[in-house]
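In what follows, a structure is listed as structure tokens, so that the remarks can point back to it.
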Amino acid sequence: MSLHYTETLRGSYFLVETPDDVRTCEVTVNVALPRPRGKVEEVAAEMTGSATFDRLADQVPIGGALRMRWVRPRRVDYEFTFSANDGRTLLFRGAKHPSLLRPLYTATTLWGTVHDGECAIAMVNLHFDLRRDLVAFLQSLDRQRSEP
């Protein structure tokens, strides 16, 4: 069995060159997480969806990967590409760092950067809003039979 779900993250970002100009952003990811075979330390999943970064990219498709690491240091890495309004291909890299000391905050907060080539151009802070999106997230959970 594999697990499929949709997660919506909202927050803010700023361009490195203009840190006082904070803008809004929203990312919706559709994750297809394969069932791990045997004992594994890390699982990789395919990720699709859409992203909006105010004045940078408007409701553009994304494609990338999500990695869940079960052993210390525990982390969930998000990496996806998207097209900016001006046609550039940009790369988002971010991570959640799950912790038993702060479970809600660490499970719902994603810090990341947007890169243009090798250069980081923006800092991003995204959150999963439990009150607003938990029901939709739970309704999106879907187990599907894996191919043999």
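The values are calculated or read from the model by the stated rules, or taken from the named source; none is laboratory data. Quick caveat, the model's predicted, so the values are computed rather than measured. Every residue, glycine as well, gets a Cβ built from its backbone with ideal geometry; the counts of neighbours run over all protein chains shown. Heads up: the accessible areas ignore ligands, DNA and RNA and are worked out on the full protein's heavy atoms, side chains in. Shrake-Rupley method; radii C 1.70, N 1.55, O 1.52, S 1.80 Å.
Calculated from DSSP H runs of 4 or more alone, at -39500 (n - 2.57) each and per residue, what is the 222 nm mean residue ellipticity of the chain, nearest 500? That comes out to -3000 deg cm²/dmol. Return the single residue from Leu130, Leu91, Leu100 with maximal mean-square fluctuation; model: Gaussian network over the chain, springs between Cα atoms under 10 Å. Of Leu130, Leu91, Leu100, the most mobile in the Gaussian network model is Leu100. P(r) tail for the chain: Cα pairs beyond 24 Å make up 33% of the total. The GluC sites (Glu not before Pro) of region 19-77 meeting both criteria, a DSSP state outside H, G, I, E and B (loop) and at most 16 other C-beta atoms within 10 angstrom of the site's C-beta, are Glu41. For region 17-74, carbon and sulfur atoms together expose 49% of the accessible surface, with a 1.4 angstrom probe and every protein chain in place. With all protein chains kept in place, the per residue accessible area of the chain amounts to 61 square angstrom at a probe of 1.4 angstrom. Per residue, the Cα convex hull of region 6-54 amounts to 100 Å³.
Of the residues Ser99, Ser83, Ser12, the one that moves most in a GNM of the chain with alpha-carbon contacts below 10 Å is Ser99. Between His97 and Cys119, the simple label model (points 7 Å from Cα in the Cβ direction) yields a spacing of 2.8 nm. With springs only between Cα atoms under 10 Å apart, run a GNM on the chain and tell me which of Asp21, Asp133, Asp54 wobbles the most. So, out of Asp21, Asp133, Asp54, the one fluctuating most is Asp21. For the chain, the longest principal axis of the C-alpha atoms and the axis of helix 130-140 are separated by about 50°.
Set the Förster radius R0 to 25 Å, insert the Cβ-Cβ distance between Phe137 and Ser83 as r into 1/(1 + (r/R0)^6), and round the FRET efficiency to 0.05.
Rounded to the nearest 0.05, the efficiency is 0.45.
Counted by Cβ distance under 13 Å from Ser50, the other residues give a net charge of -2, where Lys and Arg count +1 and Asp and Glu count -1.
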